[in-house]
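Report on one structure; see the data block that follows.
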Amino acid sequence: MSEVVGVAVPADVQPAVGAPRRRLSFRAVFGLTVLLCIGGAAVLAPQIAPWDPARQMLLKRLRPPMWEARGLREHPLGTDHLGRDILSRILYGGRISLGVGLSAVTLSCLVGVTLGLLAGFHGGRTDALIMRVVDVFLAIPYILLAMGVVFALGASLLNVILVMALTRWVQFARIVRADVLSIREREFVSGARARGNRSMRLLLRHVLPNALTPIIVVATLELAFMIIYESALSFLGLGVQPPTPTWGWMLSDGRNYVATAWWLATFPGLAIMLTVLAVNLLGDWLRDTLDPRLKL
Amino acid sequence: MFAYLLRRLGQSALVLLGVSIIVFGLLHLTGDPTRLLLPLEAREEDVRQLRALLGLDDPLWVQYVRFLARAVRGDFGVSFKHQVPALTLIFQTLPATLELTAAGLGLALVVAVPAGILAALRRNSLIDAVCSVGVLLGQAMPVYWLGLLLILVFAVKLGWLPAAGRDGLASLVLPAFALGAFSMARIARMARSGMLEVLAQDYVRTARAVGVRAFLVTYKYALKNAAIPLVTIVGLEFGVLLGGAVITETIFAWPGVGRLAVDAIFSRDYPLVQAIVAMLATLFVVINLVMDMLYTYLDPRIVLVRSRQ
């Protein structure tokens, strides 16, 4: 039989399942390494940054990276329009990007998973109500909503995190609900119910653990999204306020110097891209390893 | 089918009602909207005058009903900054945004669908590798950074294309590419995995076994079924692009709704902000309704599954 199939199906269209593990884990290792480096650099920023990120040295404004003609040894990635060291600002900016991203994902995960569990488990009116609210948040352009709210309430660190979580919890709610809909029909749930478990316990002890896989995968992919989101808000002038250096702010500063000083916008952009790339690779790997059938 | 359609319409109406509550709430976030609407140095009597003018002394639900009654008729009030009805401003700028969004989505589809299919057909080849690197980069590049890089390379260094403004087809290329890149990556990925899945189906194997030509199997049988999930993606992607247009338009000085919105937020022009959010949300709901209808037409199994839920 297998020989017949071998004739009919050329080697290059083998089924998608059973993808080579080793290639995937190379990607994962790469992603994890990059992420650990960036995370480590952010945590250790006060120790390893060569300069104070807010220190302005007006005599050394707009110096290019050190390998260019006018570059300076002590500023490896150059300086910005106020003479601040770009490398140091990127290192410190990572603290905001990763910190805000992680907090926002945690918060939106808590809200989304709770509502998704309730919707999927109880069904009926609860489900209909929660899902309509989800639809509402999907329909509203989240970046405008976030900008409006942050502008009205003031751009503090906490407000930015709250708004980001408020506009993204639906991603968790949708996926958890869909998963719980099928989990609650399984035998072990009715078994647990028959043994007299209360629904709260049923949810937390029996349903939630079985819905963890998609939650972990979504959380990883959402972290990548949140990092881009945070820097987009900063870029538009509504993120965490200066003088705190953030990658988004640096990009937005660099925007005015695109024609004359390319390094201002290029390096913070690279930092964002590398971080997001690493997180995405990790998320892909988690999905392929934990549940290859998951469609996200 | 008809019942499903009716229920789907009802859902859309409910969603729009929810949108209206949020849009209304946007102005009342700080408790006292006059603080948002007036400059900080406004005098006490100006504040009182505006409160009376806007009917802010009424109970909240009365204000909401009044707001909703006007909004349904398309009346979101007059823009403070431009002194023109908010809706008029939106209709002036919407064509530019739709042009940009359609170009971005079109570009994404034209590049991503063939690339994804080719990657699936030549799995693990060089083409596949190039595609997956492109997908990874496309998903990791923030639109504002990509936009800046495009300006740096194609407008500043090479001088091939204009860096900003809306003046003919040439000025559309860079913003459309910047906006479409993320969707391009996602669609290519979906197209690839969708095609791989279909190619592994029994009917494809059977078709090959009975000697149907490879060309026909790929492009007639497999492609048709692989295209179905792409239709829903296009609807959702359109919403993503409308949101992304806010940033893209800011970078490229594209005179669309997104730039109008950013401008309105910073100049405390809340009637205009409310109108824009409401209009974009409505657009999203309508497009997804249409896409859903199209979807059930392409794949009749959907209605059955959905009516059971």
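Quick note: the coordinates plus some simple rules give every number you see, no bench work behind them. Note that the structure is predicted; figures quoted are calculated from it, not measured. Reconstructed Cβ throughout: ideal geometry from the backbone, glycine too, with neighbour counts over all protein chains shown.
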FRET efficiency estimate (nearest 0.05) - Cβ-Cβ, B:Ala227 to A:Leu158, R0 41 angstrom: 0.35
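Using Cβ contacts closer than 10 Å as the measure, can you line up A:Cys109, A:Cys37 from fewest to most?
A:Cys37, A:Cys109
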Estimated FRET transfer efficiency (B:Leu216, B:Leu126; beta-carbon r; R0 41 Å; 0.05): 0.95
Global size of chain B as Cα Rg and Dmax, reported in angstrom: 23.9, 86
Cα-only radius of gyration and Dmax that characterise the range A:83-164, units Å: 17.1, 61
Solvent-free Debye scattering, log10 I(q)/I(0), computed from the Cα coordinates of chain A at q = 0.07, 0.11 Å⁻¹: -0.37, -0.79
Cα Rg, Dmax (largest Cα-Cα span) when computed across the protein assembly as shown, Å: 25.8, 89
Translational diffusion of the range A:128-177, µm² s⁻¹ [Kirkwood Rh, Cα pairs; Stokes-Einstein; 20 °C; 1.002 mPa s]: 187
Cut-off 17 Å, label 7 Å out along Cα→Cβ of B:Phe266, residues of the range B:39-62 by amide N: none
Nearest 10 degrees, 0 to 90: helix B:2-27 Cα axis against chain B principal axis: 40
Convex hull projection area averaged over all views, the range A:124-229, Cα basis, nm²: 8.1
Cα-derived Rg over Rh, computed across the range B:3-48 with Rh taken as Kirkwood radius: 1.36
0 to 90° range, to nearest 10: angle between helix B:228-252 axis and chain B longest Cα axis: 50
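I want the local charge near A:Ala54. Using Cβ-Cβ distances under 14 Å, sum +1 for each Lys or Arg and -1 for each Asp or Glu among the other residues.
0
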Two-site label geometry, A:Gln241 and B:Val153: point separation in nm, points 7 Å out along Cα→Cβ: 3.8
Whole-percent pair-distance distribution, where bins are 10 Å wide, for the alpha carbons of the range B:1-106: 11, 30, 32, 18, 7, 1
The range A:173-296: Cα Rg divided by the 2.2 N^0.38 Å rule of thumb: 1.55
Directionally averaged shadow of the range B:167-232, computed from the convex hull of its alpha-carbon atoms, nm²: 5.9
Estimated FRET transfer efficiency (A:Tyr257, A:Glu74; beta-carbon r; R0 25 Å; 0.05): 0.75
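Could you work out the local net charge near B:Thr97, counting Lys and Arg as +1, Asp and Glu as -1, over the other residues with Cβ closer than 12 Å to its Cβ?
In short, 0.
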Straight-distance crosslink candidates among aspartates and glutamates, where the alpha carbon sits under 16 Å from B:Lys224 and sequence neighbours closer than 8 are dropped: B:Glu197, B:Asp202, B:Asp299
Kirkwood hydrodynamic radius of the range B:116-256, Cα pairs, Å: 17.0
